[in-house]
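One structure below.
Just so it is clear, none of the values below were taken in a lab; they were calculated from the coordinates. These numbers were taken from a predicted model, which means no experiment stands behind them. Note that each Cβ is placed from the backbone with ideal geometry, even for glycine, and that neighbours are counted across all protein chains shown.
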Amino acid sequence: MIAYQEQSDAVAFDVVVQPRAARTELVGLWNGAVKIKLAAPPVEGRANEALIRFLAALLGVRRADVVIAAGQRSRRKRIRVAGLNGQQLIERLQPRLPLRDGGQ
């Protein structure tokens, strides 16, 4: 299950990223966070920018609506998406997630 927090005009959730992967893709869930592999290296913000582009496309929102609220230099990040609520987040992510949760 995706752990998220609804805010007044946005939804926030955690992601775990794996930079320098063979390709950018949604892997699944890891301890309540969404795990994403990124082809971009974690150099000069390139992985963070790739993450924002990927999530915006995946969720059907503008890139400006996706913000890394915490964890800019960490593999675990807090993402804030303006204009979505928790139900919309689940509806857009759930069909693209593998069936099993990798974490405990």
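The number of residues in segment 46-69 being hydrophobic (A, V, I, L, M, F, W, C) and under 17 Å from Ala33 (Cβ atoms) comes to 11. In the set Arg78, Arg53, only one residue is touching a residue at least 24 places away in the same chain (Cβ under 8 Å) and farther than 14 Å from Asp9 by Cα; that residue is Arg78.
Restricting to segment 10-59, and then to whatever is assigned to a strand (DSSP E or B) and among the charged types (D, E, K, R), can you tell me which residue is surrounded by the fewest Cβ atoms within 10 Å (Cβ to Cβ)?
Taking the candidates together, the pick is Glu25.
Entry remark, segment 60-97: residues being assigned to a helix (DSSP H, G or I), loosely packed, with under 13 Cβ neighbours inside 10 Å and more than 13 Å from the chain's Cα centre (by Cα) number 4 in total. Please determine whether any residue of segment 22-36 is over 13 Å from the mean Cα position of the chain (by Cα) and of a type outside the set (S, T, N, Q). Yes, that holds for at least one residue.
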